[in-house]
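Single-structure report; data block below.
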Amino acid sequence: MKMRRVLAGAVVAALGLGAGTVPAGADDGGGKLEFEDFVGVAADQLREAGAIRGVNGGGLPWGIGEAEVKVRPSGRVDVEFQDLVFLAGPNVGRNTVPTMAVVLTCLDSTGAVVRATSAPFPVTVATATDPGGDAEARTTIVLPSACSDPIALVTNAAGTAWFAASEVDD
C-alpha cells in the first residue's frame with residue numbers, strides 16, 4: 001500500500017501540475033491517481049481525534065463497502081462507492097447525508113499539507129427499503145501544484161469532516 005501511494009505521488013509530480021491548475025485540454029488518459037482501499041471513521045477517530053491533515057473525523061463512526069476514487073491530471077474526479085453508512089447512533093446501518101465531496105490531501109515540495117476539495121456530488125439516502133450510502137459521480141477538483149503522499153477522503157459537502165479515507169500506512 002505504501003509503495004502504491006509513493007508511486008502515485010511520483011506520477012503526479014512527474015506530470016508537472018503547476019500553480020494549482022491544469023492547462024485546458026490536458027490528457028485524461030494517463031497519470032491518474034487511483035484509490036481503492038477505504039476505511040470508515042472508527043469510534044476512536046471522531047472529530048479532532050481522527051483528524052487527517054486538518055480534516056476532522058465525522059461525528060459518529062462510519063463504515064464503507066467497495067469504493068474507488070480516480071483523480072485525473074485534468075482535475076476530473078470519478079468517485080464510486082457503496083454502503084457508506086453510520087455504524088452508531090440513531091441511523092445505524094443507514095446514510096442520511098445527501099451530498100458529499102472528495103478531499104485530496106497531499107504534501108507539497110516543502111512537506112507542507114495541501115488540500116483540494118471537489119465539487120459536491122449526490123449520495124443516496126436511506127429509504128424504507130434501501131439503507132442508502134451509494135454514489136457514482138463525476139466531479140472536479142483544482143489540483144495542488146505538487147502532490148506527494150496523497151490521501152483521498154470522502155467528506156461532508158464542505159470538506160470539513162471525513163467519513164471514509166483511503167488506507168494510510170504509518
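Within segment 71-91, take every residue that is of a type in the set (D, E, K, R) and touching a Lys or Arg at 6+ places or on another chain (Cβ under 8 Å) and give me the one that is farthest from residue 120 (Cα to Cα).
Our first condition is that a residue be of a type in the set (D, E, K, R); within segment 71-91, this holds for 72, 76, 78, 80, 83.
Checking the rest, the ones that are also touching a Lys or Arg at 6+ places or on another chain (Cβ under 8 Å) come to 72, 76, 78.
On the way: 72: 17, 76: 13, 78: 12 Å.
Within segment 71-91, the match that is farthest from residue 120 (Cα to Cα) is 72.
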If you go through segment 133-170 one residue at a time, how many are buried (at least 20 other Cβ atoms within 10 Å of the Cβ), farther than 15 Å from residue 70 by Cβ and either of a type in the set (Ser, Thr, Tyr) or over 13 Å from the mean Cα position of the chain (by Cα) (or both)? 3
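Being at pLDDT below 95 and at positive phi: is that true of residue 111 here?
When the stated conditions are applied, residue 111 passes them.
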Within the bounds of segment 83-95, is there any residue that is surrounded by 15 or more Cβ atoms within 10 Å (Cβ to Cβ), in contact (Cβ under 8 Å) with a residue 12 or more places away in the chain and either on the phi > 0 side of the Ramachandran plot or within 14 Å of the chain's Cα centre (by Cα) (or both)? yes
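Restricting to segment 44-71, name every residue that is closer than 19 Å to residue 136 by Cα and either buried (at least 21 other Cβ atoms within 10 Å of the Cβ) or among the aromatic types (Phe, Trp, Tyr) (or both). Step through it out loud before you land on a result.
If we filter segment 44-71 for residues that are closer than 19 Å to residue 136 by Cα, which is where we start, we get 62-71.
Hits for segment 44-71 are 62, 67, 69, 71.
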For segment 143-170, which residues satisfy the criterion of being part of a loop (DSSP other than H, G, I, E, B) and in contact with a helix residue (DSSP H, G or I) (Cβ under 7 Å, 6 or more places away or on another chain)? 146, 147, 169
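Could you grab me the full set of residues in segment 117-132 that are of a type outside the set (Gly, Ala, Ser) and under 11 Å from the mean Cα position of the chain (by Cα)? Break it down stepwise before answering.
Filtering segment 117-132 down to residues of a type outside the set (Gly, Ala, Ser) leaves 117, 120-125, 127, 129-131.
If the condition is that a residue be of a type outside the set (Gly, Ala, Ser) and under 11 Å from the mean Cα position of the chain (by Cα), then 117 is the only one that fits.
The values are calculated or read from the model by the stated rules, or taken from the named source; none is laboratory data. None of the values given here were measured: they were computed from a predicted structure. So basically every Cβ, Gly included, is an ideal-geometry build from the backbone, and we count neighbours across all protein chains shown.
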